[in-house]
Amino acid sequence: MLLWMAAAGFTDDASVLPQPWTLWEPFVQAVSSGALPYHLGMTLWRVICAFVPAMVIGVAIGFLMGRVAAVDRWLDPWLVVFLNLPALVLIVLCYIWIGHNETAAITAVVLNKIPNVATLLREGARALDPDLDSMAAVYRMRPLARLRHVIMPQLAPCIAAAA
């Protein structure tokens, strides 16, 4: 707040950077009218709609790439392309292909984030401890139990970093 007040005093132009106390009344109006909570809620909903599919798809692709060499060889060039594709280009392409709407915006964010998640999960899946996998095989753990008790605890840091 002190930095804001000092910068606003330095610019001395309320149209460039107003003082914080001059914005209190418009803030209260936006909250009391319901406009601010509505728009914040809609933004949060868009974030959730982009985050969930990006994480689910990215985790699945990354895990498969880290565990199955053929999948890694096949998807690695695509991963490199999408990692190097600027977000702005992807946004424009989605708007052209899908139209200028919410679906295009959310799809652009999902397509932009999947490669990042997949890269982190691929490296995490490659680093899984083979001794724990062998132990799970010896004890004949069912696939879901192996996923829950052996694989997911090892991948949790990668999933958290990707999130």
Handout entry: Signed unit charges on C-beta, dipole axis of the chain, positive-most listed residue Leu155, Leu111, Pro37
Key = Leu155
Problem - Å² of accessible area per residue within the chain, as computed with a 1.4 Å probe and no ligands counted - result: 68 Å²
Practice task
For the range 8-24, just list the computed ³J(HN,Hα) in residue order, Karplus coefficients 6.51, -1.76 and 1.60, θ = phi - 60°, integers in Hz, with x standing in for Gly and Pro.
Solution key: 5, x, 5, 6, 6, 9, 5, 6, 8, 8, x, 5, x, 5, 6, 9, 5
Practice task
Would you mind computing, in nm to one decimal, how far apart the modelled labels at Ile57 and Ala70 are, each placed 7 Å from Cα along Cα→Cβ?
Solution key: 2.4 nm
Exercise for the section: In debye, nearest 20, what is the charge dipole magnitude of the chain about its Cα centre with +1 on Lys and Arg Cβ and -1 on Asp and Glu Cβ, if you could check? Expected result: 840 debye
Practice task
List the residues of the range 1-15 whose backbone N lies under 18 Å from a point placed 7 Å from the Cα of Gln29 along the Cα-to-Cβ direction.
Solution key: 14-15
Problem - Heavy-atom accessible area ranking, 1.4 Å probe, most first, across Thr11, Thr103, Thr119 - result: Thr103, Thr11, Thr119
Exercise for the section: With +1 on each Lys and Arg Cβ and -1 on each Asp and Glu Cβ, and nothing else charged, work out how big the dipole of the range 97-162 is about its Cα centre, in Debye to the nearest 20. Expected result: 200 debye
Completion exercise
Of Tyr95, Tyr139, ordered by accessible area with the largest first and a 1.4 Å probe, the sequence is Tyr139, Tyr95
Problem - C-alpha long axis of helix 35-67 to longest principal axis of the chain, angle in ° - result: 20 degrees
Exercise for the section: Pop the C-beta distance of Ile98 and Trp78 into the FRET formula with R0 = 25 Å and round what comes out to the nearest 0.05. Expected result: 0.80
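The values are calculated or read from the model by the stated rules, or taken from the named source; none is laboratory data. Computed from a predicted structure; not experimentally measured. Note that each Cβ is placed from the backbone with ideal geometry, even for glycine, and that neighbours are counted across all protein chains shown. Ligands, DNA and RNA are excluded from the accessible area calculation, which covers all protein heavy atoms including side chains. Shrake-Rupley method; radii C 1.70, N 1.55, O 1.52, S 1.80 Å.
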